[in-house]
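Undergrad: Below is one structure. I have some questions about it.
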Amino acid sequence: MAHASPDTALVAGLRRTLTEGKQALKEAYLANDNPTALLRGTTRLVDGLLRRIWKTLALDRQLCLAAAGGYGRREQYPGSDVDLLILLPDDDAGNAETHRLSLETLIGLLWDIGLDIGHSVRSVEACLEEADRDITVQTTLLETRFLCGSRKLYNRFRGAFDQALDPLAFSKAKRLEQEARYAKHQDTPYNLEPNCKENPGGLRDLHTILWVARAATLTDNWGKLAAAGIITRAEARLLARSEDFLRRVRIGLHLATGRREDRLLFDHQEALARALGFAATASRRAAEVLMQRYYRNAKRVTQLNTLVLADLASRLESQPAVPPIVIDADFQIVREQLDIRADDHFEQHPAALLKSFLLLSQRPELKGMTSRTLRALWRARGRIDANFRRDPANHATFLALFKEQRGLTHQLRRMNQFDILGAYLPVFGRIVGRMQHDLFHVYTVDQHILQVVRNLRRFALPEFAHEYPDCARLMAAFPERWRLFLAALFHDIAKGRGGDHSQLGAAEARRFCRLHAILPDDTALVCFLVEQHLTMSTFAQKHDLADPNVIHRFAAIVQNEERLTALYLLTVGDIRGTSPKVWNAWKAKLLEELFHITQRLLRGESTRPLAGIEERSEDARRLLRLAGLRAGVETELWNRLDTPYFLRHASEEIAWHTQSLYHRPDSPEPIVRARLNPASTGLQVMVYTPDQPWLFARLCGFFARLGYSIVDAKIHTTRHGHALDSFVLLDSGNQLPYRDMIGLINHDLAEHLKLQPPLAPPPQVRVSRQVRHIPLTPEVAIRADESSNNHILSITAADRAGLLYAIALTLAKHEIRLYSAKIATLGERVEDTFLISGAELGKTATLIKLEQELLEILHV
């Protein structure tokens, strides 16, 4: 039977009922702050409307309407879809077509009144078949709730579904599904913009526990789980509090955006923090306080999720008993898992807490801990007190963990997950969940530290030697590698206190070493690494490595080859542990170059980059002869080049320039030569042209339009007034193969320099959400260079497209001459260093004006 479209008055009335009902519920929530009342109230509001509509449309009595998903479990969030299941009778062979028009009218009306509907129309048999194929569908059907229509049909569906459900198979499938979900979110709750529903530690982790418990016909709420003995009442309260917090976060996001938004984007964090009652402190914004609370809550959820799912799995599997393999008085092995000898063993013998992690490292046959061991570990974590931390036996166990050949990263992560690491090292516990709002770290401090430990451990493992062969080779020869891992644990441990975290961290490391009776030489190395962990990166990315004074200053800091090697390994591991975007082949090349030059200097060997002009010139001549050029072809060009050119360029670069220019040293036309960077990735571009105003700005603008970032620039003017500039370029967007761009750059850039079109103003670009919401105060510093009559300009700012071009335009306007540029991009943050000269730099008034103009363009 055909159904006419609902009249306008009905639609308007229903829409008004829904709108006014939602507004009343919102106002009540804002007044009372009761998430459960809002979710249940929204569910009842939708229930009433659906039943009224079903009755108004007089749908076939054989049909059944059921709530599903979150709506089915009475958790209807303000912006969420309303999930519905429409059941059709199996015995009506033509039911799909028979009911098509009436169901289209129903769904259309629901959309018209403002409900976002997610629906499926199935027979009972089709439901069972689909549930058998798809765990997501099976989970959705598990949560169905009768609304209206044929109660008999719903009962038949429910009985058939429950009978077909295999709790053990369902539990295993949900565990696999959770592992896949975790992998999608990088296996960490600590993302900068986490999804409060899907991320590890989000609401979905809590749902998974209740789904498995419900499939096992145990319960569907925390109180009943405690009554059934699956969890304790204290754990039930923790779960309820964690769920309440996540509900408030998700509700706040939905209300703030007016839609279904489950991601804590930077755009929302500050406003959400204020809405949830979080206030700023002297050192942290309200958003940072909220996010630390969120991360700690997420950590607790993952802890309880691990414990409860393991316990439920052990109950469902009900495997026949097997005799345990006794290890010692504390532990035994049960089905390849570490098991305590008695339920209260950790309470009676707290020293076994650290020992359990050491055993997991020492025994590769162990695949984890039994559910009762995990639970006992969780319950006994409070036994790690001041007396425990002073016990020499516990000191020895903790250090032994760092000296094992395998398992350190896994055990530290497991210890952190269950609050053991923070309890043993309270200084570590203080940085758990602390976000680093610096535009390049993407992990919390604790996760970054463990990531750095993991990177160093990978250098030591043969199966990962192909990733970083040089680091693997150095690590293999490094004695007492545990000292490196310990330095990694402490390198950022003082973050967020104010002051220099490197010096504060070194003091903490010194206290730890003294307490743990570590030998003086080993203590000195660990503390050196913590205090200087940023030094090598700074020298490599901000200083001219062709300057002998730079290398000598760095060598004076490291003093010996062991310290140099250790600092190099820690620096590589540290940069790689900040963000996948920060590490690149150019940074690798700079660090490697600094390491090898300094190593040769410390060994007293001859080093080309430190060689004098004569030695460097001879090496360049040798390369020219190898390229087939006759002796003397370089003389005319080299007579036009002065001492600074030979000091700032390596012999290979000098030879390349000479090959390209020896036959045209007085060329009136621009000469551009691009090539694949022989020392690293990217392109190397040489520009030779009669000098012209605003040249550096023009070059920056050209490269920016092609989508390239300049990571290194060397600027030189010959004795006869030609500019000889060289650049290293990287394409962060990986748009086209570098080789394909060489011909285009050679031709188009030469034409651009020949025509000298007017310079365009810096582009107006949108900055990323991260830059908009994580404050970074730009810094400009201009100081005299100790080794020359020039000045060093240092700039720190949030990155954006066209930034270097804008800086170059400003320098050109003030007639500032540029000699070299070091461009360091750290995620969304830039730290650039320029060697400059100019008359205005010697006058206080004009120098201040230049700094102010630079600061103005750096502000986002």
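Undergrad: For segment 615-649, name all the residues that are aliphatic (A, V, I, L, M) and either open to solvent by 10 Å² or more (accessible area, probe 1.4 Å) or not in a helix (DSSP H, G or I) (or both). I'd like the intermediate steps shown before the answer.
TA: Let us first name the residues in segment 615-649 that are aliphatic (A, V, I, L, M), namely 620, 623-624, 626-627, 629, 631, 633, 637, 641, 647.
Leu623, Leu626, Ala627, Leu629, Ala631, Val633, Leu641, Leu647, listed by residue number.
Undergrad: Being touching a Lys or Arg at 6+ places or on another chain (Cβ under 8 Å), in contact (Cβ under 8 Å) with a residue 24 or more places away in the chain and over 23 Å from Glu853 (Cβ atoms), is that true of even one residue in segment 736-748?
TA: Initial filter on segment 736-748 (touching a Lys or Arg at 6+ places or on another chain (Cβ under 8 Å)): 742, 746.
Cutting the leftovers down to in contact (Cβ under 8 Å) with a residue 24 or more places away in the chain gives us 742, 746.
Remaining after also requiring over 23 Å from Glu853 (Cβ atoms): 742, 746.
Checking segment 736-748: at least one residue is touching a Lys or Arg at 6+ places or on another chain (Cβ under 8 Å), in contact (Cβ under 8 Å) with a residue 24 or more places away in the chain and over 23 Å from Glu853 (Cβ atoms).
Undergrad: Please go through segment 536-555 and pick out each residue that is surrounded by 17 or more Cβ atoms within 10 Å (Cβ to Cβ) and either β-branched (Val, Ile, Thr) or touching a His at 6+ places or on another chain (Cβ under 9 Å) (or both).
TA: Ala546, Val550, Ile551, Phe554
Undergrad: For segment 556-575, what are the residues that are open to solvent by 10 Å² or more (accessible area, probe 1.4 Å), under 13 Å from Thr598 (Cβ atoms) and part of a helix (DSSP H, G or I)? Walk me through it before giving the result.
TA: Filtering segment 556-575 down to residues open to solvent by 10 Å² or more (accessible area, probe 1.4 Å) leaves 556-557, 559-563, 565, 568, 574-575.
If we keep only those that are under 13 Å from Thr598 (Cβ atoms) as well, we get 556-557, 559-563, 565, 568.
Matches in segment 556-575: Ala556, Ile557, Glu561, Glu562, Arg563, Thr565, Tyr568.
Undergrad: Take the residues of segment 258-277 that are among the charged types (D, E, K, R) and open to solvent by 30 Å² or more (accessible area, probe 1.4 Å): which is nearest to Glu288 (Cα to Cα)?
TA: Within segment 258-277, the subset among the charged types (D, E, K, R) is 259-263, 267, 270, 274.
Narrowing the set further to residues that are open to solvent by 30 Å² or more (accessible area, probe 1.4 Å) leaves 259-260, 263, 267, 270, 274.
Values: Arg259: 24, Arg260: 23, Arg263: 16, Asp267: 13, Glu270: 8, Arg274: 11 Å.
Looking at the filtered set, the residue picked out is Glu270.
Undergrad: Is it the case that segment 696-704 has a residue that's open to solvent by less than 20 Å² (accessible area, probe 1.4 Å), closer than 20 Å to Ile823 by Cα and in contact with a Ser or Thr (Cβ under 7 Å, 6 or more places away or on another chain)?
TA: no
Undergrad: Quick check, is Glu669 over 15 Å from Gly721 (Cα atoms), open to solvent by 10 Å² or more (accessible area, probe 1.4 Å) and among the acidic types (Asp, Glu)? Don't jump to the end; show me each part of the working.
TA: Values: over 15 Å from Gly721 (Cα atoms): no; open to solvent by 10 Å² or more (accessible area, probe 1.4 Å): yes; among the acidic types (Asp, Glu): yes.
Against the criterion (over 15 Å from Gly721 (Cα atoms), open to solvent by 10 Å² or more (accessible area, probe 1.4 Å) and among the acidic types (Asp, Glu)), Glu669 does not qualify.
For (1) open to solvent by less than 20 Å² (accessible area, probe 1.4 Å); (2) among the charged types (D, E, K, R), each residue gets a yes or a no:
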site: Lys197; (1), (2): no, yes
site: Thr208; (1), (2): yes, no
site: Asp220; (1), (2): no, yes
site: Thr232; (1), (2): no, no
site: Ala236; (1), (2): yes, no
site: Arg241; (1), (2): no, yes
site: Arg250; (1), (2): yes, yes
site: Ala256; (1), (2): no, no
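Undergrad: Same structure, new question: Quick one: what pairs do we get from segment 29-48, first residue under 17 Å from Arg145 (Cβ atoms), second open to solvent by less than 10 Å² (accessible area, probe 1.4 Å) and β-branched (Val, Ile, Thr), C-beta under 6 Å, 6+ apart or different chains?
TA: Between residues of segment 29-48 that are under 17 Å from Arg145 (Cβ atoms) and residues that are open to solvent by less than 10 Å² (accessible area, probe 1.4 Å) and β-branched (Val, Ile, Thr), the close pairs are Val46/Val82.
Undergrad: Any idea how many residues of segment 286-342 are closer than 18 Å to Val432 by Cβ, open to solvent by 10 Å² or more (accessible area, probe 1.4 Å) and either among the small types (Gly, Ala, Ser) or in contact (Cβ under 8 Å) with a residue 24 or more places away in the chain (or both)?
TA: Matching residues across segment 286-342 total 8.
Undergrad: Scan segment 576-585 for residues that are crowded, with 23+ Cβ neighbours inside 10 Å and in a helix (DSSP H, G or I) and report the count.
TA: Let us first name the residues in segment 576-585 that are crowded, with 23+ Cβ neighbours inside 10 Å, namely 577.
Imposing the further condition that a residue be in a helix (DSSP H, G or I) reduces the set to none.
Count: 0.
Undergrad: Just a yes or no: is a residue in segment 454-475 buried (at least 22 other Cβ atoms within 10 Å of the Cβ), among the charged types (D, E, K, R), in a helix (DSSP H, G or I) and out of contact with any Lys or Arg (no Cβ under 7 Å at 6 or more places or on another chain)?
TA: Yes, the conditions are met somewhere in segment 454-475.
Undergrad: Let me ask something additional. Just to check your reading of the model, which residue among Thr810, Thr846 is part of a helix (DSSP H, G or I) and over 17 Å from Pro693 (Cα atoms)?
TA: Numbers: Thr810 fails: over 17 Å from Pro693 (Cα atoms).
Among Thr810, Thr846, only Thr846 is part of a helix (DSSP H, G or I) and over 17 Å from Pro693 (Cα atoms).
Undergrad: Related question: Out of curiosity, is Arg434 in contact with a Ser or Thr (Cβ under 7 Å, 6 or more places away or on another chain), modelled with pLDDT of 90 or more and open to solvent by 40 Å² or more (accessible area, probe 1.4 Å)? Break it down stepwise before answering.
TA: Details: in contact with a Ser or Thr (Cβ under 7 Å, 6 or more places away or on another chain): yes; modelled with pLDDT of 90 or more: no; open to solvent by 40 Å² or more (accessible area, probe 1.4 Å): yes.
In short, no.
Conditions tested, residue by residue: (1) over 26 Å from Leu253 (Cα atoms); (2) in contact with a helix residue (DSSP H, G or I) (Cβ under 7 Å, 6 or more places away or on another chain); (3) at pLDDT below 95.
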site	(1), (2), (3)
His3	yes, yes, yes
Thr17	no, yes, no
Ala24	no, no, no
Glu27	no, no, no
Thr42	no, yes, no
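Undergrad: Where in segment 14-99 are there helices (runs of 4 or more DSSP H), lying fully within it, with 3 or more residues that are surrounded by fewer than 17 Cβ atoms within 10 Å (Cβ to Cβ)? Walk me through how you get there before you give the answer.
TA: Working: elements: 35-57, 69-72, 95-98.
In segment 14-99, the matching helices (runs of 4 or more DSSP H) lie at 35-57, 95-98.
Undergrad: Pick out the one residue from Thr681, Thr658, Thr689 that is in a helix (DSSP H, G or I) and β-branched (Val, Ile, Thr).
TA: Values: Thr681 fails: in a helix (DSSP H, G or I); Thr689 fails: in a helix (DSSP H, G or I).
Just a single option satisfies the conditions, and that option is Thr658.
Undergrad: Ok, one more. Counting just the residues of segment 382-411 that are touching a residue at least 60 places away in the same chain (Cβ under 8 Å) and more than 15 Å from Phe512 (Cα to Cα), which one comes out surrounded by the most Cβ atoms within 10 Å (Cβ to Cβ)?
TA: So the residue we want is Leu408.
Undergrad: May I ask you to list the residues in segment 124-156 that are in contact (Cβ under 8 Å) with a residue 12 or more places away in the chain, out of contact with any helix residue (DSSP H, G or I) (no Cβ under 9 Å at 6 or more places or on another chain) and either on the phi > 0 side of the Ramachandran plot or open to solvent by 50 Å² or more (accessible area, probe 1.4 Å) (or both)?
TA: If the condition is that a residue be in contact (Cβ under 8 Å) with a residue 12 or more places away in the chain, out of contact with any helix residue (DSSP H, G or I) (no Cβ under 9 Å at 6 or more places or on another chain) and either on the phi > 0 side of the Ramachandran plot or open to solvent by 50 Å² or more (accessible area, probe 1.4 Å) (or both), then Arg151 is the only one that fits.
Undergrad: Output the residues belonging to segment 221-250 that are of a type in the set (D, E, K, R) and within 20 Å of Gly201 (Cα to Cα). Break it down stepwise before answering.
TA: So the first thing to find is which residues in segment 221-250 are of a type in the set (D, E, K, R), and the list is 224, 233, 235, 237, 241, 243-244, 247-248, 250.
Hits for segment 221-250 are Glu235, Arg237, Arg241, Glu243, Asp244, Arg247, Arg248, Arg250.
Undergrad: Which condition number does Gln76 fail, the rest of (1) polar (S, T, N, Q); (2) in contact (Cβ under 8 Å) with a residue 40 or more places away in the chain; (3) within 17 Å of Gly114 (Cβ to Cβ) being met?
TA: Going through (1) polar (S, T, N, Q); (2) in contact (Cβ under 8 Å) with a residue 40 or more places away in the chain; (3) within 17 Å of Gly114 (Cβ to Cβ) one by one, Gln76 breaks only (2).
Undergrad: Going by the conditions given, is Thr105 open to solvent by 50 Å² or more (accessible area, probe 1.4 Å) and either β-branched (Val, Ile, Thr) or touching a His at 6+ places or on another chain (Cβ under 8 Å) (or both)? Let's see the steps before the verdict.
TA: Numbers: open to solvent by 50 Å² or more (accessible area, probe 1.4 Å): no; either β-branched (Val, Ile, Thr) or touching a His at 6+ places or on another chain (Cβ under 8 Å) (or both): yes.
Against the criterion (open to solvent by 50 Å² or more (accessible area, probe 1.4 Å) and either β-branched (Val, Ile, Thr) or touching a His at 6+ places or on another chain (Cβ under 8 Å) (or both)), Thr105 does not qualify.
Undergrad: Confirm whether Arg379 is surrounded by fewer than 18 Cβ atoms within 10 Å (Cβ to Cβ), under 32 Å from the mean Cα position of the chain (by Cα) and closer than 30 Å to Arg430 by Cα.
TA: Details: surrounded by fewer than 18 Cβ atoms within 10 Å (Cβ to Cβ): yes; under 32 Å from the mean Cα position of the chain (by Cα): yes; closer than 30 Å to Arg430 by Cα: yes.
Spelling it out, Arg379 is indeed surrounded by fewer than 18 Cβ atoms within 10 Å (Cβ to Cβ), under 32 Å from the mean Cα position of the chain (by Cα) and closer than 30 Å to Arg430 by Cα.
Undergrad: Give segment 220-257 a look and list any residue that's of a type in the set (Gly, Ala, Ser) and touching a residue at least 40 places away in the same chain (Cβ under 8 Å), or say none. Outline the logic, then answer.
TA: Of all residues in segment 220-257, those of a type in the set (Gly, Ala, Ser) come to 223, 226-229, 234, 236, 240, 242, 252, 256.
The one that is of a type in the set (Gly, Ala, Ser) and touching a residue at least 40 places away in the same chain (Cβ under 8 Å): Ser242.
The values are calculated or read from the model by the stated rules, or taken from the named source; none is laboratory data. Everything quoted here is computed from the prediction, not taken from an experiment. With ideal geometry, Cβ positions are generated from the backbone for all residues, glycine too; neighbour counts draw on all protein chains shown. The area values use the complete protein model at the heavy-atom level, side chains included, leaving out ligands, DNA and RNA. Shrake-Rupley method; radii C 1.70, N 1.55, O 1.52, S 1.80 Å.
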